[in-house]
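These notes are about the structure you will find just below.
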Amino acid sequence: MKINPIGLQGINLYNKQARPVKTTETQKSFADQIEISTKAKEMQANSTYANERAERVKKIKEDIDSGNYKVDAKQVAEDMLKFYRGK
């Protein structure tokens, strides 16, 4: 089956280019900008989560290297069931 385009619009669609827009003095370019509030900066500075997590990861690595790390299979199974059941 042969499909023919209707009209001239089907020819060279990819060759059409948008015309460049001339910039004038009234048009200004704006740059993206982000500002972090002082409250957010305080919260970030006071956050001990990263330090606590780093210490916990370090302890787990040490336990694994020494062979003392034990996995609670029952807890892993319960967590997997909760995940797959969506609860």
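The values are calculated or read from the model by the stated rules, or taken from the named source; none is laboratory data. Predicted model only: the values in this text are computed from it and were never measured. As a convention, Cβ positions derive from the backbone with ideal geometry for all residues, glycine included, and neighbour counts pool all protein chains shown.
One residue stands out in the stretch 42-75 among those that are polar (S, T, N, Q) and surrounded by 10 or more Cβ atoms within 10 Å (Cβ to Cβ): the one that is farthest from the chain's Cα centre (by Cα), namely Ser47. Check the stretch 16-38 and report whether any residue there is among the hydroxyl-bearing types (Ser, Thr, Tyr), under 27 Å from the mean Cα position of the chain (by Cα) and modelled with pLDDT of 70 or more. Scanning the stretch 16-38 turns up at least one residue that is among the hydroxyl-bearing types (Ser, Thr, Tyr), under 27 Å from the mean Cα position of the chain (by Cα) and modelled with pLDDT of 70 or more.
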